[in-house]
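The values are calculated or read from the model by the stated rules, or taken from the named source; none is laboratory data. Because the structure is predicted, anything quoted here is derived from the model rather than measured. Cβ placement follows ideal geometry from the backbone for every residue including glycine, while neighbour counts extend to all protein chains displayed.
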Amino acid sequence: MPAKALNATAASLLGFLHEGSRTGWDLVTTAQERIGKFWSLTTSQVYRELAAMERAGLIEAGERGPRDRKPYTLTDEGRRAFADWIGRDPGRENIRHPLLLTVAFADHLPPARLAEILAGYRAAHEQQLAEYDALRAGGELPRWPEATLDFGIAYERAVLDWLGGVEARLAENG
């Protein structure tokens, strides 16, 4: 893996390992809690990346513990690979939002069904915004996780605003 650039999933795992040794299961849980709202990864991806990073010398596996879980530790090579990754330009985001596809082809849906879909999305985004607002109210966060939370709050508000516009368009054109 050092010969080629890290992918973002592997790099995020190395980032978490900077905080200390963790098992694959710990990494899955940490990733879901800390970056799961904006970066998707599966349990199988985590274990696949761990195996590849171990082969590449970026991490080392410790002795197996309870439930046959083994802790992974960052190596100096892993620290260098992460430093290279974090210092690079992250590139452009790619919006892949299923609701946008549905709205793009909404002329093929009965208006009542589109209204149901929009209402479901509205409820989900209102709930997510409430969770983010609760995190904000819950206390002080380190500055960079706080900046990430700020994005989540702004995103949820933007989606809710956009949904309002789509719902208004639907109401006027039924």
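At a glance:
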{"item": "Test: residue in region 130-151 that is closer than 30 Å to G15 by Cα, surrounded by 11 or more Cβ atoms within 10 Å (Cβ to Cβ), touching a Gly at 6+ places or on another chain (Cβ under 8 Å) and modelled with pLDDT under 95", "result": "yes"}
{"item": "For G91: the one exception among (1) within 17 Å of A11 (Cα to Cα); (2) touching a Lys or Arg at 6+ places or on another chain (Cβ under 8 Å); (3) at pLDDT below 95", "result": "(2)"}
{"item": "Test set (1) within 27 Å of T29 (Cβ to Cβ); (2) in contact (Cβ under 8 Å) with a residue 12 or more places away in the chain - R96 fails condition number", "result": "(2)"}
{"item": "Residues of region 69-89 classified as in a loop (DSSP other than H, G, I, E, B), free of Cβ contacts under 8 Å to residues at least 60 places away in the same chain and either surrounded by fewer than 13 Cβ atoms within 10 Å (Cβ to Cβ) or not assigned by TED's automatic domain parsing to the domain that holds G57 (or both), total", "result": "1"}
{"item": "Some residue of region 156-174 being outside any helix (DSSP H, G or I) and touching a residue at least 40 places away in the same chain (Cβ under 8 Å)", "result": "yes"}
{"item": "Test for H108: is it outside the structural domain of S12 (by TED's automatic domain parsing), exposed (fewer than 14 other Cβ atoms within 10 Å of the Cβ) and not polar (S, T, N, Q)", "result": "yes"}
